[in-house]
Structures are given as C-alpha cells and as structure tokens.
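K.L.:
Here's a structure for you.
The values are calculated or read from the model by the stated rules, or taken from the named source; none is laboratory data. Predicted model, so just to flag it, every value in this text is computed and none were measured. Note: ideal-geometry Cβ built from the backbone for every residue, glycine included; neighbour counts use all protein chains shown.
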Amino acid sequence: MAVQDVKIVLTDVQAARKNWSLTAQGTLYEGTHLISGAVGSGKSTLALMLAGLFPPVSGQIKREDVSTLMVSFQYPEYHITGTTLEEECSSWGLDPFSVLTAANLTGKKTENPIKLSRGELKMLLLACVLAGNYDLLILDEPFSSLDCYGKERICKRLSERSRGITVIFTHEQTIFPRIDRIWEIRNGELCDRGGLPEALRHWYYAPKVIKNLISAGKIPKNITPGDLLEAACRT
Amino acid sequence: MIRFDNLRYRSLAIDALSIGKGITSVIGRNGSGKTTLLKLCAGITLPESGTIIIDGNPPRKDEIGWVNEFPDRNILFATVHEEIASSLRFRHIPGDEIEEHVMSCMNSMEISHLGKRSMRELSGGEKVLVALAAALVHQPRLLVLDEYDSHLDTDLTEKIEGILRQSLVTYIIRCTQDMETAARGDNVICLINGKIGCAGSPEIVFSSLVDTPFYPLAWRCRT
Amino acid sequence: MQDVRIRIGIAAILSGAAFFTIEGALAAFIWWLIFSHPLKVLKKIRVVFPIIIMIVFFSIIMEITGGGGLAYSIRMIIILLIGMWLYCEHQTGEFLHLGTWLFGDRAGFELGMLAEMAMQSLDILSSDFLQIRQAQELKGVRWGVRSLIPTGIILVHGTLRRADDAAELMAVRGYTRGGTFCPEFTTTMRDILGGLFALCMVIISFVPASEFFILYR
C-alpha cells in the first residue's frame, strides 16, 4: 500500500431524517473500509456526507489530502450521460476497449446504456469507477444486482486498489474484497470495530459463515472467500 | 405440482420441468432468464408457446403473490394499510372482510405496529415487509419473489425466511444471488443461457456447481 | 385543514374568482393570508420558481403589447399561491377518499389511486433528480442546459420502468376495474369557517361596490 496522508476525520457528526438519526466520530485512514448496518440505518446518507454531498446537522467532516473523489450510487443509471457504451466510457475520460473488457461488455459497445440490464449497467459503472485513480472512492451497495461472477470480478479489482481510501457500504453476505477496517451503524451510532482480524469478533452484522468460523475458534485473517476457506480448513 | 411443458419465451426454453411444494430458489448469471421465468410463473407474461400449469390451473387463473426487486420503489398506495389491502380491494371483497384479513396478516408478520402509517415514513426494510404482506394477504397458492433480498441485512433476511416458512403458501419461487439463501430452500433451479442447467435438491444442484462461484461458501467452509 | 373536499372546493372557487377579476384575486389573497400558513407556503416557493418566471415574462409581453400585464401577473400569482397552499395541506392517502366519494368505487377509486401514485412519483422524481445531478457533477459534467437532456432521459426511463412494474403489480394483485373502498373524512370547525369565509369573499368580490351601499342610498 502506497504511503499517503489521505484521511477523513469525523468530529461529533450528527445527521437525522424522519426515520433515523446517526452520530459518527472517528477517522478513516488510507485503505479499504467496510461499513455495514441495518436497512434504513442511514448508510446511503453517510456515504453522501463522506463525499461532501450532504451536510450533517452538526459536527464536521474533514477530508484531508483528498483531491479527487467519486461515489458509485446504488442505482447505476444516475451516472449515465452517453448514448452508447463507447460514448459512456469516453465521458469518464477512459479508453472504451479496456473498460468494456473489464466489464465483460465488449460485444455491446454500440448499445445504449439504458437498454442494459441492471446487473450489466452496474458492472459497467463499477468498471468505469474502478478505472479511475481517486483519492477517495465511496461505493454504495456495489454488489447488489451482480451475480457471483460479477461480485468476484469486482472484489478482485477492489483488492488491487493500492492507494487512497475506499469505503464500501454493503449488505453483502459472502463475497468480499480484502478489507482493512470494519465499521457498522448500530443503534444510531457509527461504530469502529477495528482492523482485521480483530474486528471480526465484535462485528454484529458479520455474515453467518464468519460467525460460525469464529464460534469454532477459527478466526480468518481477512474476509475474502479464500481467507474464509483457509480458516475453515485449519485443524 | 407446477409443471412446465415445452415452454418458450424469447431466449428461455424449458422442455419439461416440475416444481414440488416448498421453497424453490432460481439461480443463474445475470441475463440467464431468471426474471423472465419468474414473470411467466406469476402470469405477468404469457409464453410464446408451451404451458405452465399450477395444480391444474394456468397462472392467470390462480392466486399469485409477487414481490419485485425494488419493492420500496414500487408502492401503489400511500399508507401501509391500503398497500396491504390492495389485492383484496381490487377483488371487490367487502370492507369488513378486508379489515379482518389485513389485521390477521399484519399480526402474523408482526408488523401491526405500522398500522396506518404513511409508506413514505417507513424504512427500506419495513417497506419490503409491507410488500410481502401485500403479496400474502390474499393467501396465494404461489408466491414469486424476484431478487427481493439483494439489499437486505441479515436480521431482515432471516425474519423474512421465517415468515416464508410459516406461511401457508404451497409454492414459493424466489430468485436470489445469495447462494446461502438458495441452499436453505427445498429445491434449486440453475438457469444457464435460458435453459435448465440443473434442477433438484440444493445438494444435487450445487454439487454440479462446485467449481463455480455459485457453490455456497458456507458449504465450502463447513467446520 | 383536514377535509379534502372543503379544501378542493375552496381552492376551486378562490382560483376561479382570482382568474376572472382583480377584486376576486384580492379577496382570494386576503383569504390566503388568514387561513393558510403563509411562511410554510412561501418556503416551498422555489419549487414553482420557473412558473413565476414564466408568468412575469408573459405579463411583461402583455404590458408592452396592449396592457393588462400587471393585473394578469397579480391574478396568476395569487392562483399559484392558492395552489401552493393546497399542495402544502395535502395529506397522504386522501385523494383515494376524495376520488371514491366523488365518482364511486370504479372510476373514482381509479382516479384517486392514480392521483396517489402521481404524488409518490413526484417524490421519487425529485430525489432521483438530486442524485442524478450529484452523480453527473462528480463525473465532471457541468450542470447546465446540455446536462438536462441525459438527466431527462434517465428520469423518463426510470418513470416508464416504474410504471411497468406498477402495472405488473396491479395485474398480479387482481386489478381489473376499481376496488372496494369506504371513504372517510374528518371535518373540523376550521374547515367549515374557512369554507364559509371563502364563499363570502368570492360573493363580495363579484358584487359591485355600489350594491353594498344600496341601503345607504
């Protein structure tokens, strides 16, 4: 991991909507952060706040040394500006061929992005977003609408990201990239569960497979499928 | 039994398939035809040729419940009560019977606290529960769920699993990208490019997928 | 105001009075000042800012070409304020009650359901619009006239997709024509007073001033 001073500092941050309220305190350093929480606990709003797109009711969110940032929204169609896949890739300032290859969509380069299925559109968006070299990358439910192959591809690309802060908001239960720190929103509060593997013991929203491994005394080093399998195979 | 006979619709081609009672999970890659199959089972689309028969009836002549992928963005009515009562209202059932069925359904799903609240005020998870209640209130024979679990947390997924198991619905067909969920069902159908790749119990189907990312991670990690 | 029937009635007669005469518009404005929550309504005024600009634009044209632009703009803006008040007072689910009460459990139920779905669609559209704008700004697309086209395409496409999904849902839920529904309304003293006052204001605005002094003559 390249040494960089990027960080996001949350100081007494408070946010609220009709159905929920959220307090957040802590620092997100360089690396990949996973934030989980119940549906409707404010994850998407927190994603917007971290990106500076939604102001907190009180408190401060300071992005240090973050000169480029990107948010991948849950609904991929929000980002579309092109009328063909080629044009869409170019609108991101990217080479269409390499992006479409990464998204497994080379055969559809002249198609209108609107006509793609949700899963295909998500793959395209994520391929565009991951091809950029952002200091801060926020992904809101990147795995929803993807099949298992798609999830694996994205996790591989995420694990290859070598710089900046990556924040993943997700309900995913099985296929994860390599994660550096786990956070979760519990009872209206953003809780820092810590680095891996220590965080796994305190992770309330941990997937069942991870909880089972921990109960059996087999703590995985990380939460990629390979790490979980390695832990399971330990005697 | 739900029987498929020489079913053809766009790229979907199923020569013969039978689905027994219980929960059947439909899995497959994006674009393999899962949603198409589910819509045919629900009677939303009609096959170009061939038939689907549910205990002797075609889908449009039977009671079907349907929940799509983003139920929180597909709400018909403004309040919880009206949304759940909708299928009974559309059938012109008398008002006091509607009230009875709706209260019974809400109680059985433990959402009676939502009462007559506005749908706008609900959290995403509560909206999914209301959509499910609206699909179950008229006691369908077949419940079809199209990737409803793609953005649900563990607690809610387990709660819904419990509701499905306790419901009196004869057939539940769900499409999911969570293989652990699929493995908990009674049957699994794996679609490959519009055709049945494999169908049967979870053990049989997943044994043919052991070298793919579709094999449930929990099974690989069995301690 | 709780009773949607009275609210719609008030809005209809005040808007009619404001449309036809400047006296009617002033009467409607007085009613609006007393019975609406002016600050609450004015907070939402930027939502209709494009309409206000259009009204001012046409008023200027009218004034230049033949006169009457000022009276026109006053009347239209007051109608807009009445409309804004109606929008602010809207309570979830009431269109269904109103539709069924007016036109029965077939056409009325459908109109009411359609109106409720339209209101919900507005909410989703405005939230989608905001997120699309944010997504495009993040991408480096400067917000302006050119970015309206792709935004419009996404919004229209999303709306059509949701319409498809809603149609499927209605079909599976057994919709054919209308539905059973028993409309219920709550009428408060404020509703009755507001309705009577609106009626008085409209009558006064249509009666010539000299007729008021008929006894004095």
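K.L.:
For the structure I just gave you, tell me whether A:Ile168 is of a type in the set (A, V, I, L, M) and more than 14 Å from every other protein chain (Cβ to nearest Cβ).
P.N.:
Spelling it out, it is not the case that A:Ile168 is of a type in the set (A, V, I, L, M) and more than 14 Å from every other protein chain (Cβ to nearest Cβ).
K.L.:
Considering only region C:19-36, I want to know if a residue exists there that is assigned to a helix (DSSP H, G or I), in contact (Cβ under 8 Å) with a residue 60 or more places away in the chain, charged (D, E, K, R) and assigned by TED's automatic domain parsing to the domain that holds C:Gln2.
P.N.:
Looking for residues that are assigned to a helix (DSSP H, G or I), in contact (Cβ under 8 Å) with a residue 60 or more places away in the chain, charged (D, E, K, R) and assigned by TED's automatic domain parsing to the domain that holds C:Gln2, one finds at least one in region C:19-36, hence yes.
K.L.:
Please state which one of A:Gly150, A:Gly226, A:Gly195 is out of contact with any Ser or Thr (no Cβ under 9 Å at 6 or more places or on another chain) and away from every other protein chain (no Cβ under 14 Å).
P.N.:
From the options A:Gly150, A:Gly226, A:Gly195, the qualifying one is A:Gly195.
K.L.:
Tally time: how many residues in region A:79-93 are surrounded by fewer than 24 Cβ atoms within 10 Å (Cβ to Cβ) and within 9 Å of chain C (Cβ to nearest Cβ)?
P.N.:
Number satisfying all stated conditions: 6.
K.L.:
Right, something else. Do we have any residue at all in region C:141-153 that's farther than 20 Å from A:Thr84 by Cα, aliphatic (A, V, I, L, M) and at the interface with another protein chain (Cβ under 10 Å from one of its Cβ atoms)?
P.N.:
no
K.L.:
Yes or no: C:Ala71 among the small types (Gly, Ala, Ser) and at pLDDT below 90?
P.N.:
Yes.
Residue by residue, here is whether (1) farther than 23 Å from A:Val167 by Cα; (2) assigned by TED's automatic domain parsing to the domain that holds A:Val13; (3) surrounded by fewer than 23 Cβ atoms within 10 Å (Cβ to Cβ) holds:
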position: A:Gln60; (1), (2), (3): no, yes, yes
position: A:Ser98; (1), (2), (3): yes, no, yes
position: A:Lys115; (1), (2), (3): yes, no, yes
position: A:Arg118; (1), (2), (3): no, no, yes
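K.L.:
Oh, and also: Scanning for something in contact with a helix residue (DSSP H, G or I) (Cβ under 8 Å, 6 or more places away or on another chain) and either among the basic types (Lys, Arg) or closer than 29 Å to A:Gly93 by Cα (or both), does region C:194-208 turn up at least one residue?
P.N.:
Among the residues of region C:194-208, not one is in contact with a helix residue (DSSP H, G or I) (Cβ under 8 Å, 6 or more places away or on another chain) and either among the basic types (Lys, Arg) or closer than 29 Å to A:Gly93 by Cα (or both), which makes the answer no.
K.L.:
Further, regarding this structure: Return yes when A:Leu125 is more than 10 Å from chain B (Cβ to nearest Cβ) and in a helix (DSSP H, G or I) and no when it is not. Walk me through it before giving the result.
P.N.:
Details: more than 10 Å from chain B (Cβ to nearest Cβ): yes; in a helix (DSSP H, G or I): yes.
Criteria met by A:Leu125.
K.L.:
Something else about it: Restricting region A:187-235 to residues that are surrounded by 15 or more Cβ atoms within 10 Å (Cβ to Cβ), among the charged types (D, E, K, R) and assigned by TED's automatic domain parsing to the domain that holds A:Leu158, which is farthest from B:Val210 (Cα to Cα)?
P.N.:
Here the answer is A:Asp192.
Matching residues to (1) more than 20 Å from the chain's Cα centre (by Cα); (2) within 25 Å of B:Arg73 (Cβ to Cβ); (3) of a type outside the set (D, E, K, R); (4) part of a helix (DSSP H, G or I):
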| position | (1), (2), (3), (4) |
| --- | --- |
| C:Thr92 | no, yes, yes, no |
| C:Gly99 | no, yes, yes, yes |
| C:Gln134 | yes, yes, yes, yes |
| C:Arg142 | yes, no, no, no |
| C:Ser147 | yes, yes, yes, yes |
| C:Pro150 | yes, yes, yes, yes |
| C:His157 | yes, yes, yes, yes |
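K.L.:
Out of the residues in region B:121-156 that are small (Gly, Ala, Ser) and assigned to a loop (DSSP other than H, G, I, E, B), state the one that is farthest from the chain's Cα centre (by Cα).
P.N.:
B:Ser123
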